[in-house]
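Enquirer: Could you have a look at this structure, given as structure tokens, before my questions?
The values are calculated or read from the model by the stated rules, or taken from the named source; none is laboratory data. Here the structure is a predicted model, which means the values were calculated and not measured. Ideal geometry is used to build each Cβ from the backbone, glycine not excepted, and the neighbour counts take in all protein chains shown. Please note that ligands, DNA and RNA were not included when accessible areas were found on the heavy atoms of the full protein model with its side chains. Shrake-Rupley method; radii C 1.70, N 1.55, O 1.52, S 1.80 Å.
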Amino acid sequence: GTANSFLTCSTEPFTKGTQRTFENGIGVVELLYRTNLLALVGGGSCPQFPTNKVMIWDDTKKKCVGELSFYAPVKTVRMRRDIILVVLEKKIYVYNFADLQVRHSFDTSDNPGGLAALSIVAPNWVLAYPDTQLGSVAVRHLGVGGVDREVAIQ
């Protein structure tokens, strides 16, 4: 995002995608694959949306169709067709995309840059993020049937 807009691009082939201009700043933009759905978080000195909210934007309808609110500013958002991952400075939340209900939450160490990686292959998902132990990375795997495994890598 920028002071008052966002722009998406396709990488294969490399082309300009969606561009929208708002009255105020956008800090985080996450596009759901090549769909019309984006996650937007306000940013800059005059944010378009609160910095502690994730707005689910339907670009076909040109409006917000969902909203997630948090106690602290949102650092990063990642999306798949089944889940939305929201990263705060000390916590990560995983939501069901279909009903926006929280599915999991994980504590992290200080994460001001919002570092997190999420696999895109369904139905399993793998998530990597800064562990609560300084200098460690947590790698979490949630398999089919809800089997949850975690490994800390130092």
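Enquirer: I'd like the accessible area for His104, computed on protein heavy atoms only with a 1.4 Å probe and all protein chains in place. Round to 10 Å², please.
Expert: Answer for His104: close to 50 Å² accessible.
Enquirer: I need the phi-derived Karplus couplings for segment 29-39: 6.51 cos²θ - 1.76 cosθ + 1.60, θ = phi - 60°, integer Hz, Gly and Pro marked x.
Expert: 9, 9, 8, 7, 6, 10, 8, 8, 9, 9, 9
Enquirer: Now a separate question. Using a 1.4 angstrom probe on heavy atoms only, work out the carbon and sulfur share of the accessible area of segment 1-131 in %.
Expert: Its accessible area is 51 percent carbon and sulfur atoms.
Enquirer: When the C-alpha atoms of segment 8-99 are aligned to their principal axes, what extent does each axis show, in angstrom, from largest down?
Expert: Over segment 8-99, Cα extents along the principal axes are 38, 31, 23 Å.
Enquirer: What number does the chain give for Rg over Rh if you use C-alpha atoms and the Kirkwood radius?
Expert: For the chain, the value is 0.97.
Enquirer: Work out from phi, with θ = phi - 60° and the Karplus expression 6.51 cos²θ - 1.76 cosθ + 1.60, the ³J(HN,Hα) of each residue of segment 77-87, listed in order in whole Hz, and give x for Gly and Pro.
Expert: For segment 77-87, the Karplus curve yields 10, 10, 10, 10, 5, 9, 9, 10, 9, 10, 10 Hz.
Enquirer: Using the Cα atoms of segment 56-121, I'd like the radius of gyration and the largest Cα-Cα distance, Dmax, both in angstrom.
Expert: Gyration radius and largest Cα-Cα distance of segment 56-121: 12.2, 38 Å.
Enquirer: Continuing with this model, one more query. For a quick check, take a GNM of the chain with Cα springs below 10 Å and name the residue from Val77, Val137, Val121 with the largest mean-square fluctuation.
Expert: So, out of Val77, Val137, Val121, the one fluctuating most is Val121.
Enquirer: Run through segment 1-81 and list the trypsin sites (Lys or Arg not before Pro) located in a DSSP loop whose Cβ has at most 13 other Cβ atoms within 10 Å.
Expert: Arg34, Lys61, Lys62, Arg81
Enquirer: If you filter segment 1-41 for chymotrypsin sites (Phe, Trp or Tyr not before Pro), then keep DSSP loop positions with at most 12 other Cβ within 10 Å, what is left?
Expert: Taking segment 1-41 and a limit of 12 other Cβ atoms within 10 Å, the loop chymotrypsin sites (Phe, Trp or Tyr not before Pro) found are Tyr33.
Enquirer: Ordered by residue, what ³J(HN,Hα) values in Hz, to whole numbers, does segment 5-22 give under the Karplus form 6.51 cos²θ - 1.76 cosθ + 1.60, where θ = phi - 60° and Gly and Pro are x?
Expert: Those phi angles translate into 7, 9, 9, 10, 9, 8, 9, 9, x, 6, 9, 6, x, 7, 9, 10, 10, 10 Hz.
Enquirer: Taking only protein heavy atoms into account and a 1.4 Å probe, give the accessible area per residue of the chain in Å².
Expert: The answer is 54 Å² per residue.
Enquirer: Can you find, among Thr11, Val87, Val54, the residue farthest towards the positive end of the dipole of the chain? Put +1 on the C-beta of Lys and Arg, -1 on that of Asp and Glu.
Expert: It is Thr11, whose Cα lies furthest towards the positive end.
Enquirer: Using amide H atoms built 1.01 Å from N in the peptide plane, name the residues 5+ places from Gly43, or on other chains, whose amide H lies under 5 Å from its own.
Expert: Long-range HN contacts for Gly43: Gly25, Ile26, Gly27, Gln48, Phe49.
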